[in-house]
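See below for the structure under consideration.
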Amino acid sequence: MAGEILRLRDTRQLSKTLARELSSLIYQRGMHAAHSGDFRLTAPIRQLEDEVGHQKQSGFPDIQVDPVQVQARIAGIADGIPLPSRESEVVEGQTNLLPSIAHALAGGVAPGWQFLRFEVWSIGDVMSYELFTVRDGEEDRSLPGIAIYEPLDVLKTACYAPESGTWLSLTMHITSSGKLDVDYNFDSRPELDIDVSTDDYELELRRFPRAIPSVPAWWQERIARGNA
């Protein structure tokens with residue numbers, strides 16, 4: 001599959017637009033494969049991601065030749081990537097992933113804490129997270145290790161719903177007694193130290209399409225403004 005993509009690129013038959021669509025498709029189905037435990041596809045999906053990745057799309061022409069035939073070829077390539085099953089993933093994602101994420105966070109903190117608050121923002125290729133630990137009435141801030149990234153990515157995909165998209169941020173509350181609560185945000189503006197690019201807002205919508213009424217005004221205005 002990766003070889004066919006490269007051949008289409010090198011013969012200038014695969015445009016940037018189509019490459020981006022394919023990249024989003026690979027991303028979603030890769031998350032499904034990881035979540036469902038079908039690790040046989042891990043290597044080929046990663047190879048495809050490497051060849052059509054967001055950072056490499058400058059290598060593709062702006063317009064492809066013979067778009068009808070190319071679309072058909074891409075459809076054939078996509079047939080080799082596992083399809084997501086959203087209905088079961090939403091339930092399984094929250095049932096299985098949330099406790100394992102909470103366990104990983106708690107396991108990385110020194111004993112003696114009373115409360116943990118984990119805050120995550122995720123838009124396009126940008127993900128930011130912080131862990132706040134309350135111990136003896138005082139709150140400390142820390143950054144969990146990179147290993148937490150993949151289960152968060154899988155959870156984001158598992159929570160996707162066609163009309164409303166998926167969460168842009170979440171806040172996880174954990175008590176030392178084992179209670180776990182999660183608040184999801186689907187449409188509020190991100191409170192980040194960096195300005196998320198227009199490309200990432202567009203990428204978020206390609207990966208997780210949502211109905212127009214579910215795209216808030218601030219989001220539409222941000223895309224219209226561009227990166228200038």
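The values are calculated or read from the model by the stated rules, or taken from the named source; none is laboratory data. Quick caveat: nothing in here was measured; it's all calculated off a predicted structure. In this analysis, Cβ positions are derived from the backbone assuming ideal geometry, glycine residues included, and neighbour counts consider all displayed protein chains.
Points to keep in mind about this one:
- A residue that is exposed (fewer than 15 other Cβ atoms within 10 Å of the Cβ), among the aliphatic types (A, V, I, L, M) and modelled with pLDDT of 90 or more occurs somewhere in the stretch 205-217.
- Of Thr175, Thr166, all but one fail to be closer than 15 Å to Trp121 by Cβ and polar (S, T, N, Q); the exception is Thr166.
- Residues of the stretch 136-162 satisfying the condition of being acidic (Asp, Glu) and under 28 Å from Gly112 (Cα atoms): Asp136, Glu138, Glu139, Asp140, Glu150
- Of the set (1) under 25 Å from Glu204 (Cβ atoms); (2) modelled with pLDDT of 90 or more, all apply to Trp113 but (1).
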